[in-house]
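The values are calculated or read from the model by the stated rules, or taken from the named source; none is laboratory data. Keep in mind that what you see is a predicted model, and the values were worked out from it rather than measured. Don't worry about glycine lacking a Cβ; one is built from the backbone with ideal geometry, like all the others, and counts go over all protein chains shown. Each accessible area value is taken on the protein alone, full model and side chains, heavy atoms only, with ligands, DNA and RNA left out. Shrake-Rupley method; radii C 1.70, N 1.55, O 1.52, S 1.80 Å.
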Amino acid sequence: MEAFIRARDLSVDFPIYDNSHRSFKKKVLNLTTGGRIGSDAGKHPVVSALAELNFDFSHGDRVGLVGHNGSGKTTLLRVLSGVYAPVRGQLSVRGKIASLLDVSMGLDPDATGFENIYLRGIMDGLKPALIRSKIDEIADFTDLGEYLNLPVRTYSSGMMLRLAFAISTSVEADILIMDEWLSVGDAEFSAKAAARLDVLVGNAAILVIASHNPALIARICTRKIHLEHGRVLSDEPVVPEVQ
Ligand SMILES: Nc1ncnc2c1ncn2[C@@H]1O[C@H](COP(=O)(O)OP(=O)(O)OP(=O)(O)O)[C@@H](O)[C@H]1O
């Protein structure tokens, strides 16, 4: 099965229900950041976060999304992850998607580390036997030892991120969605985490990552899409750097 993502005239608007919308529109019209401001049929201001995007991502594509603040990168990643539905246009996806947009989301603070690993597996639709087979690997990776038997609310923020990262990166996915390169933990853990991410990215058929870091895009991407005010400004191959 070849993974793909196909968008046709894909658009996302955010209506803004605000009494002071007239002055609001005037103030934001001249900004260089953000999506374009228009208005809907009821004359409410609407931010056009993504406007009529057309693209095809296919097996092997490593797509870097770049663009100014508010150009639509995160909105596009959320649409691809299924968090937002397009307001107009079509999105077709073939392949299992793993989204690393908010790795801590869904952790239950009152459940132990082990229970959270199990719960996330259930939420991801994995069979209990498969989850059990993954638990040891995930637990080992976190280096949290006995803490995994304690409720997550007793963890430091770094410990919580270790657990969330280890769980979220234990998936097998055809399509990987990321907002910037995930960096978690102290120096030692973050080196381990980078190596784990490299493997995950290497195994994914398609990667879509938004980043403000040109060196990262040059290192891991094969294609760069530049968004501006929710539209595609350019879509070009990334030429590998000569060492
Ligand atoms: N939930 C929301 N409600 C209203 N407007 C939104 C919402 N989310 C995003 N927007 C608007 O949509 C536009 C695109 O935002 P988005 O977060 O996709 O940009 P971005 O390219 O990821 O920016 P950054 O580089 O700052 O992360 C912006 O104008 C933003 O104000």
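One residue stands out in segment 148-183 among those that are of a type in the set (Val, Ile, Thr) and in contact (Cβ under 8 Å) with a residue 60 or more places away in the chain: the one that is surrounded by the fewest Cβ atoms within 10 Å (Cβ to Cβ), namely 171.
Which residue, of 209, 167, 177, 225, is within 14 Å of the ligand (Cβ to nearest atom) and closer than 21 Å to residue 134 by Cβ?
Testing whether each residue is within 14 Å of the ligand (Cβ to nearest atom) and closer than 21 Å to residue 134 by Cβ leaves just 177.
Has segment 103-124 got any residue that is within 30 Å of residue 214 (Cβ to Cβ), open to solvent by less than 70 Å² (accessible area, probe 1.4 Å), more than 16 Å from the ligand (Cβ to nearest atom) and not in a helix (DSSP H, G or I)? Looking for residues that are within 30 Å of residue 214 (Cβ to Cβ), open to solvent by less than 70 Å² (accessible area, probe 1.4 Å), more than 16 Å from the ligand (Cβ to nearest atom) and not in a helix (DSSP H, G or I), one finds at least one in segment 103-124, hence yes. Residues that are without any contact (Cβ under 8 Å) to a residue 24 or more places away in the chain and hydroxyl-bearing (Ser, Thr, Tyr) within segment 205-243 comprise just one, 234. Pairing residues of segment 71-86 that are over 16 Å from residue 176 (Cβ atoms) with residues that are of a type in the set (Asp, Glu), at Cβ distances under 8 Å and at least 6 apart in sequence or on separate chains, gives 71/228.
Residues that are in a loop (DSSP other than H, G, I, E, B) and over 15 Å from the mean Cα position of the chain (by Cα) were ranked within segment 156-189; the one that is modelled with the highest pLDDT is 156.
When you check residue 98 against the structure, is it under 22 Å from residue 199 (Cα atoms), of a type in the set (Gly, Ala, Ser) and over 20 Å from the mean Cα position of the chain (by Cα), yes or no? Considered against the rule, which asks whether it is under 22 Å from residue 199 (Cα atoms), of a type in the set (Gly, Ala, Ser) and over 20 Å from the mean Cα position of the chain (by Cα), residue 98 comes out as no.
Segment 23-95 holds strands (runs of 3 or more DSSP E) entirely within its bounds, and those carrying 3 or more residues that are away from the ligand (no atom under 14 Å from the Cβ), modelled with pLDDT of 85 or more and open to solvent by 60 Å² or more (accessible area, probe 1.4 Å) map to 45-58, 88-94.
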